[in-house]
Structure formats: structure tokens, C-alpha cells
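Right, one structure below, let's go through it.
The values are calculated or read from the model by the stated rules, or taken from the named source; none is laboratory data. The structure presented is a predicted model; accordingly, all values stated were derived computationally and were not measured. Every residue, glycine among them, receives a Cβ derived from its backbone with ideal geometry; neighbour counts consider all protein chains shown.
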Amino acid sequence: MKRIFTLTLVLFSMLLHSQTKQIEVDLEESVVDLGFNTDGSFYIVDGKKPKMIILYKGNRILRFSNDLSKKDQDIKPDIKFEVEASSPTGETFKISESKMSRGNLFSGYNFSDHYLVQEGVMSQLVKRKEVKSKIKSKVSFLTDKYSFYLGNEKKGLDLKSKGKVEVIRMNNNNLEKDFFTLQLPNDLISFGEEVIVELAALKKDSFILALKDMNEDLNKSVYNLVEYNFDMEFISSTSVNVNLEGKCFMASNNGAGRMSKNVSTGVTVLTKGAISNVHYTEEGFYIYGVFTDKKKKINSTTIPKGFYIHKFDKEGKLLWKENKLVDKGNLFNDKQFGPNIDLDLYESKDRVALSFTLSLKKGSSVFYEFNKENGTILQEGVTENVKYTYEFKSVGGKYELFYTLKEDSFKKKKLDGTSLYAMYTNSEFKNYVSNLEVDKKEVTFVSSITPEQITLIHYDNQTCRVVQFKN
């Protein structure tokens, strides 16, 4: 008999009179993975939960539009699979066969043998060596028409010796490959010999690379943002500086750089790129991260002292900045390991927010909201006694942190960082999560925030519900 989540009378009344929407998702087995697309649509992988921590076996992919309507065709590949990547529209997927992996798990570096799936049709096998033998890939991304692999011969990109970025563009339909060398602007800036190459934004018809570098003292950084169309034709570039005025950059789990965990030793590390991230919007972009007061190696334990967020327009003109010292004792300013600082940026129509979830001895979640026009801090908040747990959902390297709260109403409820922040900003969301009754099974909550809405997916081993709240 199918179990259902129990709604209290208070919760039922709230849903009845609010502007929330919800659907029940019919599962054959369990939710083993999910993802949100840039337009607010999402997918859920239905499959067999792992007996070991890093392995799951997907049977089918269920797809939903941003209004919660289900897309007609489920994707049912001929193999037990894991999702490595999806296109921004959620129409194309890169999947790999579920099997055990040894050594390190890499976040964002998916170069295993894989298949492409479009309109339910699975391609021939794309072998890892076909890419790795051509270039040392640093960046890969997927659109509905093409798969892209970008890299160069050395560990980093050497601007001073006119280093090159090589590109393999593979047609998703026939797997034919085209090879390009990107035209780099002559006025790119760096402090040393090599810069870090990352994907900053993926648009409908173009992409933006971030070529970034930090000085030796780790208190100044430069972002070279270069845009190309999908035929590798140069569109535009801008360079901006972020200076911390006496402080030093500190790495965090902010979505940039590369995170890896050694399965044998349990050690998790970050690369240098994780000291800052860039977030693109229609009107410009933000660069943000964490700082400390003394230069330390990227993966050493450090005491975070505050954060920075700088907003620029499309041409690179600084609109406002905040280098904020944070004084919250052991809720923020305690010796910390960079991978255990979960940092996210969220947008609403008139606000932008930074949310920090820190896996300290006590555990805390701290957030700040800013006026998007002038950077004024509108509010800040903190939740104490936040306990974290790691979750590795894919051999491809999806690394996630989930959190539990000690309050009675949150027992057996495991929330991602976005759900924690959503409870600060949306009272309907908080009431829903806190009033949802659960029995012996632990329930997982995963959310996505757009300027228009908050989409919450919560599930246990047998049941899944999606609820949408107006933002």
C-alpha cells in the first residue's frame, strides 16, 4: 500500500488558503537524484537507492515544467544509469552506467564514458579517451545541440606565453566532433604565469568563460570575463578587480573551483578557484566569497572573518560593494575548513542574499540580504545548532551537504542549504516544513529559488511531493 505524507489540520488549512501549488509524484522505486534547470523546470530520477554511499541505479527520468505540469515522455534508458549533466532546458541528458568507482570524486569534472539522451533516445557510447587524448579538459558543458569540452595542455592557462584554450564541440545527434582554438583578447590581466579557467555563465546562444587569478598574498583577484557564441566566435570581454583591503581570500564550497573527496581517506579538498565565484544576471554580475585576516594555504583550517560581495554592470563598472566583517563568535568566527562552509547566492525581485551554512562544532546558518540597487543590508539572521551530513549522489561527483535542526518540529527532516535559507524569507515555506508530520522514515527537502517562486521537492524512500510557493 502506498504511503502518503501526513498533513496536519493547520497545514491543510494553510495550503487551502495560500497561493501554493503542489503535486504528488508517482514513483516505481525511490528518488535517487534530482536537478533544477535555469528556467525553473526540474527533473527527478526514479531508481534504486544505493547500498553503498556513492552508487545509485536510475531506471527513468521524470521531467516537469516550472508550473509543475509533467512533461509527457519519461526517459527510460537501456541501462541502469546516473545523471552526470543536463542541458539548461532539461531536454538533453548526459548519463553514465552505474558502476563502482575508486579514488577521488570530482565535482564538475565529468569525463567518464557516457551516453547522451535526447527525446528518450540514447546515443552510442562516448568514450572518455576520445576527449582526454585530444585535450586536458578543464571545463565541460551541455546544450541541446552540442556537448563542449574546453582545455589546454598545461595545468593552468599561461597568458604571458600566449597560451591557448582548445575546444572540442560534439554534435549530440551524430557525435561528430569539431575542433577549435579560442581567440583570446590581447588585454587579459593576470598576476602570475597561469590563470584559472571556469565557466561563468551559459546563455541561450553563447557562453562566458571566467579567466581568473589571485596575487601571491591572496588579497587581490582579477576576473577576465570573455563571451563566445557556439561557433567559438568572440563576442565581448571585460576585466574587473576585487581587492579586499587588508584581508585575504578564503576558499569555501561556493560552486566555483573544484572539490574532491578521496574515498579511501575521507579527506575533502578544494582547488584555488574556490576562493570566489561569479553570478550572472540580466543587468550585470556579482563576485562573492569569504575572507580571513591572514594568508593560509587553500586547504588549511582557518578562521573566517567575514564576506565580500561586489556588483558590476555588464561593462564591468562597479555598482556597489560590501566587504563585511562578521562578529558572531563561534557561530561564524571559529576555526573552519573551507569545504565545510556552504555558501550560496539567491535573488528575488528586489533583493540579493548570501547564505552561509557552517559545519562547526555547534553548527550554524547565517544569512544577509541586500538591496539589489545600492547594496544596503536589509536584514540578517542566524540559526544555531545546525547539524550537517555529507551526501554523494553520483560517481560523477555530485557533492552535497544536508542539514538537520534540533527543534522537535524538524526531527527526521533533512534539508539542503537552499531550504534552510527559504525558511528565513518565506513564512509559508517555514510553516509547511515545520508542520509536515513524518513517521519513522527520514524525509529529505531540496529547494530551488528563483525571483518568482520557491520550488520544494521532499521525499522519503517511497513517496515524493513537489510544492511551489510564491517568492
Does segment 422-429 contain at least one residue that is among the polar types (S, T, N, Q), surrounded by 15 or more Cβ atoms within 10 Å (Cβ to Cβ) and in contact with a strand residue (DSSP E or B) (Cβ under 7 Å, 6 or more places away or on another chain)?
-> yes
Where in segment 380-471 are the strands (runs of 3 or more DSSP E), entirely inside, with at least 2 residues that are at pLDDT below 85, within 17 Å of SER365 (Cβ to Cβ) and of a type outside the set (A, V, I, L, M)?
-> 386-392, 399-405
Single match in PRO339, PRO304 (criterion: buried (at least 21 other Cβ atoms within 10 Å of the Cβ), free of Cβ contacts under 8 Å to residues at least 60 places away in the same chain, out of contact with any helix residue (DSSP H, G or I) (no Cβ under 6 Å at 6 or more places or on another chain) and within 30 Å of VAL269 (Cβ to Cβ)) | PRO304
Scanning segment 223-252 residue by residue, those free of Cβ contacts under 8 Å to residues at least 60 places away in the same chain and within 22 Å of the chain's Cα centre (by Cα) turn out to be ASN224, VAL226, GLU227, PHE249
Search result, residues across segment 370-379 that are under 23 Å from the mean Cα position of the chain (by Cα) and closer than 16 Å to TYR308 by Cβ | PHE370
If you go through segment 24-60, how many residues are in a strand (DSSP E or B) and under 20 Å from the mean Cα position of the chain (by Cα)?
-> 10
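Looking for whichever is touching a Gly at 6+ places or on another chain (Cβ under 8 Å), at pLDDT 85 or above and within 25 Å of THR268 (Cα to Cα) here; the options are VAL326, VAL290. Which one fits?
None of the other options fit; the residue is VAL290.
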Just checking, which of LEU188, LEU225 is at pLDDT below 85 and either outside any loop (DSSP other than H, G, I, E, B) or in contact with a Leu (Cβ under 9 Å, 6 or more places away or on another chain) (or both)?
-> LEU188
Within segment 274-290, is there a residue that is over 30 Å from ASN371 (Cα atoms), among the hydroxyl-bearing types (Ser, Thr, Tyr) and either in a loop (DSSP other than H, G, I, E, B) or without any contact (Cβ under 8 Å) to a residue 40 or more places away in the chain (or both)?
-> no
Please work out which residue is nearest to TYR149 (Cα to Cα), limiting yourself to segment 188-212 and to residues that are in contact with a helix residue (DSSP H, G or I) (Cβ under 9 Å, 6 or more places away or on another chain) and of a type in the set (D, E, K, R).
-> GLU198
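Results for (1) among the polar types (S, T, N, Q); (2) surrounded by 19 or more Cβ atoms within 10 Å (Cβ to Cβ), shown as yes or no for each residue.
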{"site": "THR181", "(1), (2)": "yes, no"}
{"site": "ASN186", "(1), (2)": "yes, no"}
{"site": "ALA200", "(1), (2)": "no, yes"}
{"site": "LYS204", "(1), (2)": "no, no"}
{"site": "ASN219", "(1), (2)": "yes, no"}
{"site": "TYR223", "(1), (2)": "no, yes"}
Please go through segment 69-111 and pick out each residue that is of a type in the set (A, V, I, L, M), assigned to a strand (DSSP E or B) and either modelled with pLDDT under 65 or exposed (fewer than 15 other Cβ atoms within 10 Å of the Cβ) (or both).
-> LEU105
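Tell me, please, whether a residue that is among the small types (Gly, Ala, Ser), without any contact (Cβ under 8 Å) to a residue 40 or more places away in the chain and not in a strand (DSSP E or B) can be found in segment 195-218. Break it down stepwise before answering.
The first filter runs over segment 195-218 and keeps only residues among the small types (Gly, Ala, Ser), leaving 200-201, 206, 210.
Within this subset, residues satisfying the condition of being without any contact (Cβ under 8 Å) to a residue 40 or more places away in the chain are 206.
From the residues that got through so far, the ones that are not in a strand (DSSP E or B) too are none.
No, segment 195-218 has no match at all.
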Say whether the condition of being surrounded by fewer than 16 Cβ atoms within 10 Å (Cβ to Cβ) and either in contact with a Phe, Trp or Tyr (Cβ under 9 Å, 6 or more places away or on another chain) or more than 24 Å from GLY40 (Cβ to Cβ) (or both) is met by at least one residue in segment 448-462.
-> yes
